[in-house]
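One structure is given below, encoded as structure tokens.
The values are calculated or read from the model by the stated rules, or taken from the named source; none is laboratory data. Computed from a predicted model, the values in this text were never measured in an experiment. The protein model used for the area step is the full one, side chains on, heavy atoms only, and it has no ligands, DNA or RNA in it. Shrake-Rupley method; radii C 1.70, N 1.55, O 1.52, S 1.80 Å.
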Amino acid sequence: MNKVVLVGRLTRDPEVRYSQGDTATAVARYTVAVDRKFKRDGEPTADFIPCVAFGRAGEFAEKYFRQGMRVSVSGRIQTGSYTNKDGNKVYTTDVIVEEQEFAESRAESEANRTSFSSAAPSPAPSVDAGDGFMNIPDGIDEELPFN
């Protein structure tokens, strides 16, 4: 069985290209930084795992994934090789994405991104004290990836 599950942060915005032909297919490439459980000399270490998402998954990554977001990805490992312009054989290992999702809320993601910049964090969403659920603003339906 070839199955991999990753939880980490995007190192940059996904890079998306579209295949040639009658039906163009989105191909999104991004890298997930995954913390290692054990640290060397007390220093945090991470592995940088290249991921490739095709079709609707690629379009989703292009539209919603941004650098620094914590994401969860599952898929399969695929190896390959090619000869570069210098004539050297290059070996590749990628995770072919089967499922991908957010691993933190939008507020947490924005707070983490702004903590590294001089920008002020966005205000926290309001919560109705009666039932503990967040109030959803009008007109947000267009922004949701599902309906």
From zero up to wherever the largest Cα-Cα distance of segment 19-75 sits, split into 10 Å bins and tell me the percent of pairs in each.
20, 42, 22, 11, 3, 0
For segment 5-57, which whole percent of the accessible surface, found with a 1.4 angstrom probe, sits on carbon and sulfur atoms?
50
How far, in nm, would the chain grow between residue 89 and residue 105 when pulled straight, counting 0.36 nm per residue and subtracting the alpha carbon separation?
1.6 nm
